[in-house]
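Notes for the one structure printed next.
The values are calculated or read from the model by the stated rules, or taken from the named source; none is laboratory data. Predicted, not measured: the structure shown is a model, and the values here were computed from it. Heads up, the Cβs are rebuilt from the backbone with ideal geometry, glycines too, and the neighbour counts pull from every protein chain shown. Ligands, DNA and RNA are excluded from the accessible area calculation, which covers all protein heavy atoms including side chains. Shrake-Rupley method; radii C 1.70, N 1.55, O 1.52, S 1.80 Å.
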Amino acid sequence: MNRIRTRTAAFGLWKLLTKIGALSSLGIVPLFADAPANPATLSGWAEIPSDFRQPGPVSGQFTGGGNGVSTPFTGQPIPGFSGIIPASSPGEFFALPDNGYGSQGNSADFIIGLYLITPDFKNTGDGTTGNGPVAVNSFIPFSDPNGLLSSSFISGGPVYTREKYYPSSSKQIDVDPDIKNGKLLTGADFDVESVTRLDDGTFWVGEEFGPYLLHFNAQGELMEAPIPHPFLRAPQNVANTQQNPANLPSSRGFEAIARNADGSKIYVSTESSINSEPDKRMIEIFEFDPIARQYTGLSYKYKKDSSDPITGNTNNTSNTFVLGDMTNIAGSVYLLIERDDGQGPVGFGNPNPPAIQKKLYLIDLHEVGPDGILLKREVVDLLDIPDPLDIGGPLPYGTPADRFTYPLQSVESLTVVDDHTVLVGLDNNYPGGNGRIPGTPDGTEIITIRFQDPLASLEVVGRTAIEKWRKANFGSPLGDGDTADLADFDSDGLVNLLEYAFGTNPTPDSGMGLPGLAPLSYRDNTIQNGQPLISPAGEAFEFRFIRRSDYATAGITYIPEFNSRLEADWSPSPATPQVLADDGTHQVVSVPFPTPEDGQTKDFARVRILGDTE
């Protein structure tokens, strides 16, 4: 019997890896197939009041008020957040205001930096429109202790080097000693709009006056000179000349920034198109290498929705929608904000241009259309968020009881909270934003949105199981050329369909082909994929092999077959395979060797695969 077991296992493997059996195909799922709905609901709501003041120099001395608020301010207000990212402690976040009051000419007395906040989200209804509080734990001002900045980066040099905030202004006000002595950076130095944090604890910040990338340590100290983009230049860029003028509109720089999953790359994007782009829907997402401290030259094209139906424009020669922020949710998949500048509801006497476009879109850097533009899919309309727990309460302006609306002007913060949840935050343009109650300054509202399915499962394009497998292993979901079912991508003797069916590695870096593939093994529900094998089962034997856990929906049929000699016809096992182990992705299953008929024992076993994988 030992002779039979050894010979059968070895020959069964050979048959397993070379005899595929009948393959069938029902056609290829279109590239633009619809993805699952992935419903999402409001799960939390919190707010920093608009009248919050951080202790610090008097600010707002060069700007006007609004919505019943007068300037200047005693201390530093929080004009909302243009970026929010998780901190080290659960529930805490780093939050980045922008440059303060909107322009380089009015924000020299506003100190830029990061707040550390802890929102206490309201997460259930109480019949009111009240929300949860936000603890403002500390402030990390950005500074330049090493004197890296000069007039080469900032017109007139950084504010901390000046005697007056604006030497040529009619308002001759001395620079606050705290700013000068601490070499603190202000909103006249940089318009910071986006932030990401690497594993070393340092921050990379995108800004709009260069636009530059700024690198700060955990204490908020500038670590190196600002890094310019190879060709983007804002109107405030000191390198502009008559021959090489600015090619970006004002205040349309690096609004969005995100690291990839392992922090080896950073992706940044402007809010809107460069001036020379005829189709104003088009923007680019640029790849930056934080180790090499340089742009890689790789970029991705993204197309915003058309605003022509709203503005009455034609041919997309203008576009009122902008990119708000982006965040990585898994692998090459990112969420981003696409918004307009409107605020408040449509109608109801709203004096502002109303909010029309506040949406979250899903993109995958590996999913592009035939025109080379990233595919995208809407996953949340922030003006119509399901609110089954009635967290928002009885919101005004006709908002249904089971819905929540976020009709606020500059929705500019987006980050992941947990496997199912994202956070969305507001730059309230204090005191100008008044989207919640017209005429009343908006606070800094922060919400969380929970997806029914894990964020990592969200897809831009609906895929079959084998298309997902191809994309994960080959970078493309298409089964053609070297990635076709009957092709052998890594030339190891196992065709791709069998690698898919039995969970082996189809890529050349696996270092494991047919000769070196070990038999399968398992302990409890921990499985090591490998060759099928023959195992004793009491006085008889059973044939064990690997099967996908989702085989019923994965387009794969496994048919264990037996034979008394290789030249004869193979007989399928009449037994239902028994599951011995299941790790959620693959199973170890077994069937008994058949009872001998007319003295003919079955010495050989194989698994035939029927593939209906498309």
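Take the residues of the stretch 296-309 that are small (Gly, Ala, Ser) and part of a strand (DSSP E or B): which is most open to solvent (accessible area, probe 1.4 Å)?
Residues of the stretch 296-309 that are small (Gly, Ala, Ser), as a first pass: 297, 299, 306-307.
Of the ones still in play, those that are also part of a strand (DSSP E or B) are 297, 299.
Working: Gly297: 75, Ser299: 44 Å².
Looking at residues that are small (Gly, Ala, Ser) and part of a strand (DSSP E or B), I get Gly297.
For every residue, the table says whether it meets (1) closer than 17 Å to Leu336 by Cα; (2) among the hydroxyl-bearing types (Ser, Thr, Tyr).
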| site | (1), (2) |
| --- | --- |
| Ile391 | no, no |
| Tyr406 | yes, yes |
| Val416 | yes, no |
| Pro441 | no, no |
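Test Leu213 against the criterion of being aliphatic (A, V, I, L, M) and assigned to a loop (DSSP other than H, G, I, E, B), and give yes or no.
On the way: aliphatic (A, V, I, L, M): yes; assigned to a loop (DSSP other than H, G, I, E, B): no.
The answer is no for Leu213.
Exactly one condition in (1) modelled with pLDDT of 95 or more; (2) over 30 Å from Ala401 (Cβ atoms); (3) part of a loop (DSSP other than H, G, I, E, B); (4) touching a strand residue (DSSP E or B) at 6+ places or on another chain (Cβ under 9 Å) is false for Asp200; which is it?
Unmet condition: (4).
For the stretch 156-192, enumerate the residues that are assigned to a helix (DSSP H, G or I) and exposed (fewer than 13 other Cβ atoms within 10 Å of the Cβ). Break it down into steps so the answer makes sense when it comes.
Restricting attention to the stretch 156-192, the residues satisfying the condition of being assigned to a helix (DSSP H, G or I) are 159-161, 177-182.
Once the filter is applied, which keeps residues that are assigned to a helix (DSSP H, G or I) and exposed (fewer than 13 other Cβ atoms within 10 Å of the Cβ), the stretch 156-192 yields Pro177, Asn181.
Count, please, the residues in the stretch 340-354 that happen to be surrounded by fewer than 22 Cβ atoms within 10 Å (Cβ to Cβ) and on the phi > 0 side of the Ramachandran plot.
Count: 3.
Could you list all residues from the stretch 442-472 that are in contact with a strand residue (DSSP E or B) (Cβ under 6 Å, 6 or more places away or on another chain), farther than 18 Å from Leu335 by Cα and either in a loop (DSSP other than H, G, I, E, B) or among the small types (Gly, Ala, Ser) (or both)?
Correct list: Gly443 only.
Provide a single number: the residues in the stretch 582-607 that are at pLDDT below 90 and out of contact with any Pro (no Cβ under 8 Å at 6 or more places or on another chain).
10
Could you list all residues from the stretch 304-344 that are within 13 Å of the chain's Cα centre (by Cα) and of a type in the set (Val, Ile, Thr)?
Result: Thr327, Ile329, Val333, Ile337.
Output the residues belonging to the stretch 243-263 that are more than 20 Å from Ser318 (Cα to Cα) and outside any loop (DSSP other than H, G, I, E, B). Steps first, please.
At the first step, the residues of the stretch 243-263 found to be more than 20 Å from Ser318 (Cα to Cα) are 243-245, 256-263.
Hits for the stretch 243-263 are Ala256, Ile257, Ala258, Arg259.
Within the stretch 189-208, which residues are free of Cβ contacts under 8 Å to residues at least 40 places away in the same chain and within 12 Å of Leu222 (Cβ to Cβ)? Please lay out each step first, then the result.
First pass over the stretch 189-208, keeping only residues free of Cβ contacts under 8 Å to residues at least 40 places away in the same chain: 200-202.
Selection gives Thr202 alone.
Against the conditions (1) open to solvent by less than 30 Å² (accessible area, probe 1.4 Å); (2) assigned to a loop (DSSP other than H, G, I, E, B), where does Ile329 fall short? Just the number, please.
(2)
Residues are listed down the side, and each one gets a yes or a no for (1) without any contact (Cβ under 8 Å) to a residue 24 or more places away in the chain; (2) assigned to a loop (DSSP other than H, G, I, E, B):
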site: Leu486; (1), (2): no, yes
site: Leu497; (1), (2): no, no
site: Thr504; (1), (2): no, yes
site: Ala568; (1), (2): yes, yes
site: Val591; (1), (2): no, no
site: Thr595; (1), (2): yes, yes
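I need the full set of residues from the stretch 528-540 which are outside any loop (DSSP other than H, G, I, E, B), surrounded by fewer than 19 Cβ atoms within 10 Å (Cβ to Cβ) and of a type outside the set (S, T, N, Q), in order please. Reasoning before the result, please.
Step one: filter the stretch 528-540 for residues outside any loop (DSSP other than H, G, I, E, B), giving 528, 531, 533-537, 540.
Among the residues that remain, those that are also surrounded by fewer than 19 Cβ atoms within 10 Å (Cβ to Cβ) are: 528, 535-537, 540.
Correct list: Pro536, Ala537, Ala540.
Just for the stretch 305-331: of the residues that are of a type in the set (Ser, Thr, Tyr) and in contact (Cβ under 8 Å) with a residue 40 or more places away in the chain, which one is nearest to Val460 (Cα to Cα)?
Thr327
Could you please give the count of residues in the stretch 238-274 that are closer than 26 Å to Ser155 by Cβ and either surrounded by 13 or more Cβ atoms within 10 Å (Cβ to Cβ) or within 24 Å of the chain's Cα centre (by Cα) (or both)? Walk me through how you get there before you give the answer.
Initially, the stretch 238-274 is screened for residues closer than 26 Å to Ser155 by Cβ, giving 238-257, 268-274.
Pick out the ones that are also either surrounded by 13 or more Cβ atoms within 10 Å (Cβ to Cβ) or within 24 Å of the chain's Cα centre (by Cα) (or both) and you get 238, 240, 246-257, 268-274.
The total comes to 21.
Find all pairs meeting these conditions: Cβ atoms under 8 angstrom apart; at least six residues apart or on different chains; first residue within the stretch 238-261 and more than 12 Å from Glu208 (Cβ to Cβ); second residue in a strand (DSSP E or B) and open to solvent by 60 Å² or more (accessible area, probe 1.4 Å).
Listed by first residue and then by second, the contacts come to Ala239/Pro228; Arg259/Arg197.
Does the stretch 73-83 contain any residue that is at positive phi and open to solvent by 20 Å² or more (accessible area, probe 1.4 Å)? Spell out the reasoning first.
Kept after step one, since they are at positive phi, are these residues of the stretch 73-83: 75, 80.
Narrowing further to those that are open to solvent by 20 Å² or more (accessible area, probe 1.4 Å): none.
The answer is no, given that none of the residues of the stretch 73-83 is at positive phi and open to solvent by 20 Å² or more (accessible area, probe 1.4 Å).
Which of the residues belonging to the stretch 203-222 are more than 21 Å from Ser107 (Cα to Cα) and open to solvent by 10 Å² or more (accessible area, probe 1.4 Å)?
If the condition is that a residue be more than 21 Å from Ser107 (Cα to Cα) and open to solvent by 10 Å² or more (accessible area, probe 1.4 Å), then Asn217, Ala218, Gln219 are the ones that fit.
Pairs please, first residue from the stretch 134-160 and among the acidic types (Asp, Glu), second anywhere and open to solvent by 60 Å² or more (accessible area, probe 1.4 Å), Cβ atoms under 8 Å, 6+ apart in sequence or on different chains.
From the stretch 134-160, the pairs are Asp144/Lys183; Asp144/Glu221.
Determine whether the stretch 440-454 contains at least one residue that is touching a Lys or Arg at 6+ places or on another chain (Cβ under 9 Å), crowded, with 18+ Cβ neighbours inside 10 Å and hydroxyl-bearing (Ser, Thr, Tyr).
Checked the stretch 440-454: no residue is touching a Lys or Arg at 6+ places or on another chain (Cβ under 9 Å), crowded, with 18+ Cβ neighbours inside 10 Å and hydroxyl-bearing (Ser, Thr, Tyr).
Residues being outside any strand (DSSP E or B) and crowded, with 17+ Cβ neighbours inside 10 Å: count how many of those fall in the stretch 275-295. Full working, then the answer.
To start, the set of residues in the stretch 275-295 that are outside any strand (DSSP E or B) comprises 275-281, 290-293.
If we keep only those that are crowded, with 17+ Cβ neighbours inside 10 Å as well, we get 280-281, 290.
Summing the residues that are outside any strand (DSSP E or B) and crowded, with 17+ Cβ neighbours inside 10 Å in the stretch 275-295 gives 3.
Could you say which residue among Asp109, Asp126 is at pLDDT 95 or above, open to solvent by 50 Å² or more (accessible area, probe 1.4 Å) and outside any strand (DSSP E or B)?
Values: Asp109 fails: open to solvent by 50 Å² or more (accessible area, probe 1.4 Å).
The match here is Asp126.
How many residues does the stretch 313-352 hold that are acidic (Asp, Glu) and in contact with a strand residue (DSSP E or B) (Cβ under 6 Å, 6 or more places away or on another chain)?
First, pick out the residues of the stretch 313-352 that are acidic (Asp, Glu): 325, 338, 340-341.
Going one step further and asking which of them are in contact with a strand residue (DSSP E or B) (Cβ under 6 Å, 6 or more places away or on another chain), we end up with 325, 338.
Of the residues in that region, 2 qualify.
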